[in-house]
Amino acid sequence: MRSPDPATVRIDGPWAHRDVHANGIRLHVSETGEGPLVLMLHGFGEFWWGWRHQLTALSDAGYRAVAVDLRGYGDSDKPPRGYDAWTLAGDVGGLIKALGERKAHVIGHGWGGLLAWSAAALHPRLVHSVVALGAPHPLALRRQIRRTVLRRKAHNQARAIGTLFRGQIPMYPERKLVKDDAVALEHLMRQWAGREWADSTDFTAAVERYKHAIRIRGVAFSAMEYYRWAVRSQIRSEGRRFTEALDKPVPVPSLRIHGAKDPVMLLATAEASRRWLGRDAPLQVLADVGHYPHEEAPDTVNKALKSWLAGTF
């Protein structure tokens with residue numbers, strides 16, 4: 001089956017699409033509104049479209065809302081390298097500057113949330129605040145994985161994020177991800193989502209978008225490279241340096257929004273993030289919500305975001 005044109009992710013709506021050059025690559029962004037910059041980073045297997053509900057809500061609330069296709073995704077560049085957290089955090093910092101802003105509120109989901117935490121630690125002068133959805137602090141995640149890797153208990157972070165380990169095999173994971181019109185991605189998202197959203201027409205429509213986008217040439221490989229670096233860095237010097245750089249209190253205010261039914265990033269792991277957070281880091285838990293709070297409960301999340309952003313000035 002022929003790979004889709006990357007430009008097909010430039011979906012029409014009340015937003016503008018443009019390319020921004022940052023950190024040595026071209027990044028595609030969708031943006032709308034004027035005011036303080038709010039930069040949104042999507043998670044695994046998605047693209048900027050995951051923030052469709054937040055783009056309009058935040059722009060209506062007086063913010064410049066920008067959702068980016070991360071390196072390797074959507075219509076952004078897909079270089080063969082650069083999927084380490086150092087470089088990806090540099091993409092975030094470079095993008096903020098390339099957008100002509102001194103600082104941004106950075107909102108991230110899943111992998112995007114892990115990058116939001118990383119950008120705040122590595123580029124604190126560019127980050128005003130962090131909002132992490134379904135994304136514990138990276139060191140809390142690593143610690144919980146190590147603690148549970150040999151356990152067989154139900155609340156086992158190592159087993160919950162099994163994709164991290166299965167992705168280490170060369171080439172096979174990305175081939176499986178795009179096989180048969182990317183049905184594997186649909187199955188994965190259905191497992192990770194809360195039951196109500198997984199049974200909705202909105203889920204069906206969104207997943208069709210994601211299945212289409214993951215089949216763009218280079219995207220599946222790039223998506224798996226994020227996971228490969230996360231594991232391989234544990235035994236490399238760059239991984240130790242990254243740990244040292246993040247092993248300190250997060251220097252900016254942070255809000256955490258987590259689904260009580262999230263089966264991949266466990267609530268216990270989100271709670272364990274407290275060790276690296278300051279006093280101003282509330283955790284909002286959404287009942288009956290899975291790994292995708294911003295898509296499963298957009299009204300609740302949008303209300304929380306607007307209240308948080310208004311209180312950080």
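Contact order, relative form, for the chain: 20 percent (alpha carbon pairs under 8 Å, 6 or more residues apart, mean separation divided by residue count).
Per residue, the chain exposes 44 Å² of accessible surface when a 1.4 Å probe is rolled over the protein heavy atoms with every protein chain present. Per-peptide packing, taken as the mean over residues of other Cβ atoms within 10 Å, places 280-288, 73-81 in the sequence 73-81, 280-288 from highest down. Measuring nothing but how far apart in sequence close Cα pairs (under 8 Å, 6+ apart) lie, relative to its length, region 38-144 scores a relative contact order of 27 percent.
Here ARG217 and SER307 are evaluated by their C-beta separation; at R0 = 41 Å the FRET efficiency comes out at 0.50. Computed over neighbours whose Cβ is under 11 Å from that of LYS261, the net charge equals -3, Lys and Arg +1, Asp and Glu -1. Averaging the sequence gap over all C-alpha pairs within less than 8 Å and six or more residues apart, then dividing by the number of residues, gives region 1-94 a relative contact order of 29 percent. Expressed per residue, the C-alpha convex hull volume of region 45-173 stands at 133 Å³. The trypsin sites (Lys or Arg not before Pro) of region 1-64 that meet both conditions, a loop assignment by DSSP and at most 10 other Cβ atoms within 10 Å of the site Cβ, are ARG2.
Here the accessible area is traced with a 1.4 Å probe on the protein chains. For region 6-310, carbon and sulfur cover 51 percent of it.
Taking every lysine pair in the chain that is 8 or more places apart or spans two chains, those with Cα atoms closer than 23 Å amount to 11. Note on region 6-310: with charges restricted to the Cβ of Lys and Arg (+1) and Asp and Glu (-1), its dipole about the Cα centre is near 1480 debye.
So in the chain, what percent of DSSP beta bridges are antiparallel if you round to the nearest 5? Here the antiparallel bridges make up roughly 30 percent for the chain.
Coupling constants for region 54-70 follow from the phi torsions by the Karplus curve (6.51 cos²θ - 1.76 cosθ + 1.60, θ = phi - 60°), and in residue order they are 7, 3, 6, 5, 6, 5, 5, 8, x, 10, 8, 9, 10, 10, 10, 7, 4 Hz; glycine and proline get x.
The modelled label-to-label distance for the pair HIS17/ASP202, using points 7 Å beyond Cα in the direction of Cβ, is 2.3 nm. The Cα center of region 22-80 and the Cα center of region 176-247 differ in position by 17 Å. Extension gain, GLU34 to GLN191, is 52.8 nm, computed as 0.36 nm per intervening residue step minus the present C-alpha separation. Ratio to report: Rg/Rh of region 6-310, with Cα atoms as the point set and Rh obtained by the Kirkwood method; give two decimals. Rg/Rh: 0.92. Our helix-only sum for the chain, with -39,500 (n - 2.57) per DSSP H run of n ≥ 4 divided by its residues, gives a mean residue ellipticity at 222 nm of -13500 deg cm²/dmol. Would you look at the GNM of the chain, springs on alpha carbons closer than 10 Å, and say which of ILE11, ILE107, ILE257 moves the most? Looking only at ILE11, ILE107, ILE257, the largest GNM fluctuation is found for ILE11. Among GLY112, ALA268, LEU188, which residue has its Cα furthest toward the positive end of the charge dipole of the chain, with +1 on Lys/Arg Cβ and -1 on Asp/Glu Cβ? Working it through, the farthest residue towards the positive pole turns out to be ALA268.
For the chain, modelled as a GNM whose springs connect Cα atoms under 10 angstrom apart, the maximal fluctuation among TRP111, TRP197, TRP51 occurs at TRP197.
The values are calculated or read from the model by the stated rules, or taken from the named source; none is laboratory data. Every value quoted in this text rests on a predicted model; they were computed, and no experiment measured them. For neighbour counting, all protein chains shown are included, and Cβ atoms are generated from backbone atoms with ideal geometry for every residue, glycine included. These accessible areas exclude ligands, DNA and RNA; they are computed on the full protein's heavy atoms, side chains included. Shrake-Rupley method; radii C 1.70, N 1.55, O 1.52, S 1.80 Å.
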